[in-house]
1. Could you check region A:199-214 and list, in sequence order, the residues that are surrounded by 19 or more Cβ atoms within 10 Å (Cβ to Cβ) and more than 9 Å from RNA strand B (Cβ to nearest atom)?
2. Please report, ordered by residue number, the helices (runs of 4 or more DSSP H) entirely within region A:313-431 with at least 1 residues that are within 14 Å of RNA strand B (Cβ to nearest atom) and within 22 Å of A:ALA285 (Cβ to Cβ).
3. What number goes with the only condition from (1) in contact (Cβ under 8 Å) with a residue 60 or more places away in the chain; (2) assigned to a loop (DSSP other than H, G, I, E, B); (3) assigned by TED's automatic domain parsing to the domain that holds A:GLY433 that A:ARG477 does not pass?
4. Can you tell me which residue is nearest to the chain's Cα centre (by Cα) among those in region A:147-191 that are within 10 Å of RNA strand B (Cβ to nearest atom) and among the basic types (Lys, Arg)?
5. Give all pairs with beta carbons closer than 7 Å in which a residue from region A:519-530 that is closer than 20 Å to A:VAL303 by Cβ meets a residue that is assigned to a strand (DSSP E or B) and of a type in the set (Asp, Glu); count only pairs at least 6 apart in sequence or on separate chains.
6. I'd like to know if region A:280-302 contains one or more residues that are more than 16 Å from RNA strand B (Cβ to nearest atom), part of a helix (DSSP H, G or I) and either within 21 Å of A:ALA95 (Cα to Cα) or modelled with pLDDT of 95 or more (or both).
7. Could you identify the single residue in A:TYR145, A:TYR127, A:TYR134, A:TYR157 that is part of a strand (DSSP E or B), in contact (Cβ under 8 Å) with a residue 40 or more places away in the chain and of a type in the set (Phe, Trp, Tyr)?
8. Enumerate the pairs (first residue in region A:195-208 and farther than 29 Å from A:ARG184 by Cβ; second residue anywhere and crowded, with 20+ Cβ neighbours inside 10 Å and small (Gly, Ala, Ser)) with beta-carbon separation below 6 Å, excluding pairs fewer than 6 apart on the same chain, so at least 6 apart or on different chains.
Amino acid sequence: MTTADSVPPSDFIRDIVSADLAAGKHSQVVTRFPPEPNGYLHIGHAKSICLNFGIAREFNGVCHLRMDDTNPTKEDVEYVESITEDVQWLIRGWADHVLRFKKPGSGRPEAVSPAEAGAEPFYASDYFERLHDYAVELIKAGKAYVCDLTPEETDRYRGAPDKEGIPSPYRDRSVEENLDLFARMRAGEFPDGARTLRAKIDMASRNVWLRDPLLYRIRHAEHHHSGRQWCIYPLYDFAHCLSDSVEGISHSICTLEFEVHRPLYDWILENLQVPQPRPHQYEFARLNLSYTVMSKRKLMQLVREGRVSGWDDPRMPTICGMRRRGVPAEALRQFAFSIGVTKYNGVTDVAVLEHSIRTHLNQHALRRLGVLRPLKVTLTNLPENHSEQLAAINLPDNPEAGSRLIPFSRHLLIEQDDFMEIPPPKFFRLRPGGEVRLKYGYIIRCDDVVRDASGTVVELLCTADLDSKTGGATSNRKVKGTIHWVSAPDAIRAQVRLYERLFSVPEPDAGDGNFLQHLNPDSLQTVEAFLEPSLAAATLEERYQLERVGYFYLDKESQGQNPVFNRTISLKDSWSKGTAKA
RNA sequence: UGCCUCAUGGUGUAAUGGUAGCACAAGUGACUCUGAAUCACUUUGUCUAGGUUCGAAUCCUGGUGAGGCAGCCA
């Protein structure tokens, strides 16, 4: 368990849960994460997942994963599968024990561990029959009616926030007529949009969501989970609170935009015979991240227009995208806790996320050597057939991670950036006549440069101080710079994808302009890199740091002799920052 | 100009009537076989005007600013 996972955060929602428990309002804390399966989960959802699962875990409760699938025209099994996978990946090793799925084959929702055979997430659509019965109960109580207004008329009658609504002419139908019409709606006698079921509340309410809100609409459409069983579907407000009630949710946590819906949430549960204690809704501010867009619509647009390679493109703020990029789940969780939970709608600096990622990776990523943009170095005082193995540490400050051997020879490759003919002040890498240490190896001096026809330096002729090898006689000689390298004949080739922020401005969707105009044209650069041979055995279980370069993760589609690596994130670089300013 | 919500350094967050703290970012220095990491230090804040109180970021009133709400979406 990481430090982040063991420090219990505190916020206004946890304070409420804590107080409710102390007051004996609930015997057990039951939260839920209720995504609609109409898109992929992103880091904003990760905040909500960490909140709901975190609370369940801290208060010895459980958390249901529930598909909020009441709109058959927008949802798909593709999304329920990705959502289920992403949630489990995010909480693995941290909150698996509080995650609850639906017991297979049970008519009543019964929570089981996902490990149980046949277990699957909860579905709001599993409650359609029960929701229907609740609707009938409301009709019988004279608190709901069938309305024949067209969609346009319904809008007009609703009025505006500062203008009272007008009651529907169908508002006072008899209970018998409502029952009959609702049954015929269910039986499929009417076309889409012909009639709705509405709650009878208050058309003059200051809160527009209380102006006889729609409970059911007609949709002759196949549902991804319930098939063709239904042609009427409940709307969010009716389905959500009752799903919470059916599952015995104690604290229903959602984002700020549902604040105005809370009176309706409460109205429905108070006007129906539901088990007590009933759930209550609490709202927190959704995550906004700088240099990022978060809305499903915009992410969908990036995918559809081919601006990225897919939902799991490593530049996407989706959970699957970040996973593919190499962001560890622990880093995402640590981030979620570090930003807190409030009702203030602000923008979190993406640097906070990057910091969480770097902190975790610095502690866990295996160190390797690799050159992205090669410059030849020939060690003229070494014989052509010189070959030796140099020991290299896998993880500084963690001897248990052991070490490995790196081949070393007369012909090396170093980073082009690590040599300058006419360096600026304080440049302490290689220069003509200068010395530098090869990481884990010798100190070398640059004696001469070789140029091509255009005058570009294509090779450095150097001599190695043979006593300066790590552990050798003059190994303690001070040279200001240490650079990474690979042995040219031994290096493996790899495609390395260098990712940067997808957008070049802090708030790409601010203002009225098109967010696409702020796409960073350099968000992906691909290079053919040269890596130390041990990286041929790279796996998806490990993350790597190419020393002095950044953190890298094997791409999930990488295969064969020439692997593909994604740069998760660069190392902090106070040198180029300083020179850029100068 | 209806209703709901929010306002603490550049950013995010803590302080629940009693010394305004933390993290990120930024900067300076030390150290360094990663210009990373680490360590030390520094800069920057309670939207505003009143009121209550011995004492207010906190409670009250007014103002200002920001966000949300008028889908048969969630």
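The values are calculated or read from the model by the stated rules, or taken from the named source; none is laboratory data. Small disclaimer: the values here were computed from a predicted structure and weren't measured. Neighbour counts are summed over all protein chains in view; Cβ atoms, including those assigned to glycine, are modelled from backbone coordinates with ideal geometry.
1. A:ALA199, A:LYS200, A:ILE201, A:LEU210, A:ASP212
2. Numbers: elements: A:319-325, A:329-339, A:350-364.
Fully inside region A:313-431 and qualifying: A:329-339, A:350-364.
3. (1)
4. Only one residue fits best here, namely A:ARG158.
5. Partner pairs satisfying both residue conditions: none exist.
6. For region A:280-302, residues more than 16 Å from RNA strand B (Cβ to nearest atom), part of a helix (DSSP H, G or I) and either within 21 Å of A:ALA95 (Cα to Cα) or modelled with pLDDT of 95 or more (or both): present.
7. On the way: A:TYR127 fails: part of a strand (DSSP E or B); A:TYR134 fails: part of a strand (DSSP E or B); A:TYR157 fails: part of a strand (DSSP E or B).
Result of the check over A:TYR145, A:TYR127, A:TYR134, A:TYR157: A:TYR145.
8. Cβ pairs passing all conditions: none.
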